[in-house]
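Scroll down for the structure; my scribbles are underneath it.
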Amino acid sequence: MTENSTEIEPTDEQRYAAIETGADETMIYDRENPDAWVQSSYTVEIGG
């Protein structure tokens, strides 16, 4: 890295993504770490 360059950290919205599988499941994964993912067949609302 040069003195004038800066490294921009990705936001959570850029780093993490979710996909729905054909089996009505959702998979949330880390784009920077292929070993970090969670798969679920249902969701729970947070907050309220």
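Values in this text are rule-based calculations from the coordinates and carry no lab data. Since the structure is predicted, the reported quantities are computational estimates derived from the model, not experimental observations. Here Cβ is always computed from backbone atoms with ideal geometry, including for glycine, and neighbour counts include all displayed protein chains.
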- Under 20 Å by backbone N from the virtual spin label 7 Å along Cα-to-Cβ at Glu20, the residues of segment 31-48 are 38-46
- Message: Let me check I've understood the local charge: for Pro10, count other residues with C-beta under 12 angstrom from its C-beta, Lys and Arg +1, Asp and Glu -1. What total comes out?
- Response: -4
- Note on the structure: Summing +1 per Lys or Arg and -1 per Asp or Glu among the other residues with Cβ less than 14 Å from Thr26's Cβ gives -4
- Message: Suppose a student asked you for the relative contact order of the chain, using Cα pairs under 8 Å spaced at least 6 residues apart; what percent would you report?
- Response: 24 percent
- Relative pair counts by distance (%), Cα atoms of the chain, 10 Å bins: 21, 36, 26, 10, 7
- Note on the structure: Here segment 12-27 yields Karplus 3J(HN,Hα) values (6.51, -1.76, 1.60; θ = phi - 60°; whole Hz; Gly and Pro given as x) of 4, 5, 8, 7, 9, 9, 9, 9, 9, 8, x, 9, 6, 10, 10, 10
